[in-house]
Amino acid sequence: MTQEQGEHFLTRLASTPLDLPFTPKLLQTLFMQTRDDGPFSLEDVARTIAHDQGLTTRILTMANSAYYGLQSQVTSIARAIAVLGLKQIRTIFLALAVRALACRGLPPDFDLAVYWRHQLLVAQTARDLARRHGVPDPEGLFTAGMLHDLGKLIIAQRAPQDWLAINRLILAEELPAAEAEDRHWGLDHGVVGALVLKAWNLPQELTEPINWHHDPDLSPDNAAAARCLCLADALVNWSEGGDGALASHWRNLAGRLSADPEGDLALALTAASDASLAAFIGILACAA
Ligand SMILES: [Fe+2]
Ligand SMILES: [Fe+2]
């Protein structure tokens, strides 16, 4: 496989829209209305979401799941926004968008529950790292974490033969996915995921750290966020990695990115010990 074929895949992806469970306009409006500096009120956002009954129901189910541990049931979007905050609602909304894509079919070996668990652990760890080290916008990093490996899902769905070949390379040579992808066709899943998110008109401060989450120093305008995402990913992989060559890759990477990798690892381990993760993942399953 050559770099040319990787580029061909990107071109093909850019020209075939990925259908969303709602109009792209709704996603764009919602994102605009949930910006920090926007003039929009909680009611504006609630009204936008209320246009879509299915979406409303799913957001309420998610908000009432054990993951958020709310004291009492929320029964309206306005209340859910008031309790969880706009950015959490936005993250739920985006997770549901990805769920809709994923549920249109993936290769049988693609484990969606494992995928979501990893996204959620990286989201929580990135947010906690940002708080610990003073990186701006911890909630924005949670959103980026939830979406960071979207490209893996897209490659599996849109180029299943390449996905299989990449997986064989990962196993045979104990490579991290991004490196195997790079060898296979000269691009990694960060670039693929960011391309799709850009097509959904999501802002650069979200798409750029995702694009560069395996090469954070190349991020032109959001290197701090990209490094935070890269470190969160390394810590989560390290915490789950055992003793093999891959585990030492993640441990070394964490050591390069952090002055206190052991202290930061504790954040990933705390995230992983949260028993309510399963509730969140269960709602994102295709059968749910
Ligand atoms: Fe990744
Ligand atoms: Fe990852």
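Observations on the model:
- Translational diffusion coefficient (Stokes-Einstein; Kirkwood radius from C-alpha pairs) of the range 219-288 at 37 °C, 0.692 mPa s, in µm²/s: 244
- Computed over the chain, the percent of Cα pairs more than 29 Å apart is 31.
- Taking the C-alpha atoms only, the angle from helix 24-33 to the longest principal axis of the chain is near 70 degrees.
- 4 °C / 1.567 mPa s Stokes-Einstein diffusion coefficient of the range 20-87, Kirkwood radius on C-alpha pairs, µm²/s: 104
- Inter-label distance, ALA247 to ARG183: 2.2 nm, where each label sits 7 Å from its Cα along the C-beta direction.
- Full extension of the segment from ALA113 to ALA285, taken as 0.36 nm per residue of separation minus the current Cα-Cα distance, would add 61.2 nm.
- This ranking places ILE283, ILE92 by how few other beta-carbon atoms lie within 10 Å of each, fewest first, which gives ILE283, ILE92.
- Packing-based exposure ordering (other Cβ within 10 Å, fewest first) of CYS228, CYS286, CYS103: CYS286, CYS103, CYS228
- Residue-span extension gain [ASP44 to THR16] - 0.36 nm each, minus C-alpha spacing: 6.9 nm
- Based on C-alpha pairs under 8 angstrom that are at least 6 apart in sequence, the range 86-203 has a relative contact order of 24 percent.
- Residues VAL98, VAL192, VAL122, ranked from the fewest to the most other C-beta atoms within 10 Å, line up as VAL98, VAL192, VAL122.
Readers should treat all values here as calculations from the given coordinates under stated rules, not as data from a laboratory. These numbers were taken from a predicted model, which means no experiment stands behind them. Ideal geometry is used to build each Cβ from the backbone, glycine not excepted, and the neighbour counts take in all protein chains shown.
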